[in-house]
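The values are calculated or read from the model by the stated rules, or taken from the named source; none is laboratory data. Being a predicted model, the structure only gives us computed values, none of them experimental. Cβ placement follows ideal geometry from the backbone for every residue including glycine, while neighbour counts extend to all protein chains displayed.
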Amino acid sequence: GGDGGDPLLDGLNPQQREAVEYRGPALLIVAGAGSGKTSVLTRRIAGLLRSGEAFPSQILAITFTNKAAAEMRERVGHLVGRAADGMWISTFHSACVRILRREAENFGFKAGFTIYDSADTRVLLKRIIKELDADVLGFTPGNAGARISKLKNELGDVDSFARNMNVNDPNEVAFLEIFRRYTRELTSANAFDFDDLISQTVFLFRAFPHIAALYQRRFRHVLVDEYQDTNHAQYSLIRELTRPVPADVVARAGFDTPVRTGDGSIEGASLTVVGDSDQSIYAFRGADIRNIVEFERDFPGATVILLEQNYRSTQNILSAANAVISHNFDRKDKKLWTSVGDGDKIVGYTGYSGHDEAQFVADEIEKLHREGMPYSQMAVFYRTNAQTRALEEIFIRSALPYRVMGGTKFYERAEIKDAMAYLTAVVNPADALAIRRILNTPKRGIGPATETQLQSFADNAETSLREALRESGTLGFGPKVAGAIRTLSDLLDEASALAAEGKVSDVLTLLVTKSGLVDALRMSRDPQDEARAENIEELVAVTKEYERNNPDGTLIDFLTEVSLVAAADELDDSSGTVSLMTLHTAKGLEFDAVFLTGVEEELLPHKMSANEPGGPAEERRLFYVGITRARKKLHISLAMSRAQFGETAVAMPSRFLQEVPDELIEWRQSPGAARSRGGYGQGALNGPRGWKGPNNDRDGGFALPRAEKKVWPNAVTGTVRDNGDLELAAGDRIRHTDFGEGRVLAVTGEGTKRVAHVAFDAAGQKKLLIKIAPIEKL
Ligand code: ATP
Ligand code: MG
């Protein structure tokens, strides 16, 4: 560094500097992973603010996750202080929700609209498919939902689909009806699904130029990170936002800002996009690399800057990444390089099972941690969420602090969705999905027949289900049912009155206690229900934290925030935990040490990708994304057998492994894998290349590893095993089902979090979570 001590330009290379200082209509930065794209974007924003060229309110920065947005806001704040307040740094979805909440009433929606997540849309589609008997044609909530999503990402709607479809194809006709009903239900529920948030904003802008003009005038600088993953709807949104405002619209809107152009129009915003086509991993969701390729055509006069120096990883890691990605066709060859030196070799590991692989990961993490690397600087990646099970089981038993990003997210748990449905029913009484969800949760004797009766009353009277609850006294239900409905209806009214002035946490507490939701879980005999009750308490804690951070936040604001929480948002660097996440979630992040697990055929490349055009190439980009997250230490691991869908199957090494040059990687293997009967052992020592697969290994069928047959503690609830009361103290001898006998060195922590530090006679030192470790005292 040292360019005269300007914190904004210090240490930048000439291309980065040019990108920060560029002033003009359109700038495209294309560059490989870790070359400083996001950093440059951040400094551009800071530069615009510091020089006074833009007010914070005139800047719109789009990131891929809310977490990335928070990080960018913090970094800009770091560079320019309070001047960064009030800036819109957000995801496409959050930006659109803000616009829609403000403008909803202009096009027939109410500001309190609900945002349906994928679980909600599944429930809805399931019912529609059943009503139409469309399952016989092969429709499932999954495939119908994916198709609807794809259409919406192309800015399609029911009408455009109907115009273009083949009317003689019964499949198409059925799909049209599903799509139509789905759309109608969303509208009558005053709800948007995730894809609507973007496409409806585009439609709004196109239909109402004077509303679009408010935003076109306001945002003078639009900056987009991870541009390679924008789909057509998102691309269109950017186009709408950066359009000039024609003179007649300016005149009609009566804007009081001075217009700098001679003809009375307002210039389009300055647009900066940064991206890397090698990291495009959302084609399956409609992301379009052409958006990058065609940028210059779409934005004439655009400047293009290339960055080539990588500041994140060691040369060994970059060489592996370069070698792997060079196997994709149709790409501009670019070679990442660094000045930090080769660094350590990549470590490859072959486990005999998924659990064995997980044990390797856990042991390496402990080793790195002992050497001084914080847990928060380590991450474990996998292709599918199902792979977390083995990892979690081993991590829990090793008392390793970890956090799973995505997966069964907190907000996807049934009890949390129940509690959220109560809140939604208060804010958006039109939302029949929410009302249906809470109607008989907890059980209050309102069965399916009653629900149908209520619904048909609502349909006949052309009113909402919520209204039907109010009118239920006149519907001739028995006294018990009528009483239950009235109690629920009154509770919703009471909560809605409280919501008008009270705190979010008070409203939630009222709903979950008075409805009996928490009590029902508390009194249940199902041991998991206790954990569920605790989750609801956790939700109350979330609302309290929300109130501290957003003193003016309303219930609607809270629900909006929750529905936009993306997988990566739960990530918290300061928390001192190892991060577990899918490769998709890992995009844009960096860690000192990365563990890329399950690098096997069928997983990476995923077997689904084989049928998609461009599928394997996209999987390779995913592998490339994984590799390039690592700063210093990269571990690539796989297993010889893997338990999936309740079966243990032979796993084959991924074809991508052959693309990593031999001299960059050092292979290790578990003793179990070397001994096992399948004949993999020999070759595996030299890397997986020499392996014999099940096809050419006729006497195959090596012995199932012992560990696979045991009952493992349930990772999610931790309820299978409970040593809660086991008294342990330093000096005690214990026996562990896997590690054998050992001596307790110390016990730390309290209650359910007590950890025993044990020196095993054969297996070395381990930390165990006492509550669930498979141990007995001798
Ligand atoms: P990705 O493609 O993975 O999103 P990126 O191109 O956005 O990567 P950044 O995350 O901005 O890259 O930067 C990677 C790392 O390099 C960061 O830790 C950043 O602080 C650092 N970095 C960027 N530019 C420089 C520089 N000129 N000098 C030193 N470090 C830099
Ligand atoms: Mg980035």
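Structure summary
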item	result
Residue match in the range 388-395 (condition: in contact (Cβ under 8 Å) with a residue 24 or more places away in the chain, surrounded by fewer than 18 Cβ atoms within 10 Å (Cβ to Cβ), over 30 Å from GLY615 (Cα atoms) and among the charged types (D, E, K, R))	no
GLN228 within 16 Å of ligand 1 (Cβ to nearest atom), part of a helix (DSSP H, G or I) and either out of contact with any Pro (no Cβ under 7 Å at 6 or more places or on another chain) or in contact (Cβ under 8 Å) with a residue 24 or more places away in the chain (or both)	yes
Out of ARG629, ARG621, sole residue that is more than 19 Å from GLN387 (Cβ to Cβ) and within 20 Å of the chain's Cα centre (by Cα)	ARG621
Matching helices (runs of 4 or more DSSP H) fully within the range 400-491 where at least 1 residues are free of Cβ contacts under 8 Å to residues at least 60 places away in the same chain and over 34 Å from the mean Cα position of the chain (by Cα)	448-460, 465-470
Tally, over the range 16-42, of residues that are within 16 Å of ligand 2 (Cβ to nearest atom) and either among the hydrophobic types (A, V, I, L, M, F, W, C) or in contact with a Gly (Cβ under 9 Å, 6 or more places away or on another chain) (or both)	13
Hits in the range 1-42 (condition: more than 10 Å from ligand 1 (Cβ to nearest atom) and among the acidic types (Asp, Glu))	ASP3, ASP6, GLU18, GLU21
Options ALA54, ALA61, ALA68; residue that is crowded, with 22+ Cβ neighbours inside 10 Å and more than 10 Å from ligand 2 (Cβ to nearest atom)	ALA61
Count of the range 144-193 residues which are in a helix (DSSP H, G or I), of a type in the set (Gly, Ala, Ser) and in contact (Cβ under 8 Å) with a residue 12 or more places away in the chain	6
Long-range neighbours under 7 Å by Cβ, at least six apart or interchain, first residue closer than 25 Å to ASN291 by Cβ within the range 260-277, second within 16 Å of ligand 1 (Cβ to nearest atom) and part of a loop (DSSP other than H, G, I, E, B)	VAL274/ASP225; GLY275/GLU226; ASP276/GLY32; ASP276/ALA33; SER277/ILE289; SER277/ARG331
For GLY86: the one exception among (1) away from ligand 1 (no atom under 13 Å from the Cβ); (2) crowded, with 19+ Cβ neighbours inside 10 Å	(2)
Matching residues in the range 545-574 - criterion: being outside any helix (DSSP H, G or I), modelled with pLDDT of 80 or more and among the acidic types (Asp, Glu)	ASP552
Residue within the range 75-87 that is among the hydrophobic types (A, V, I, L, M, F, W, C) and without any contact (Cβ under 8 Å) to a residue 24 or more places away in the chain present	no
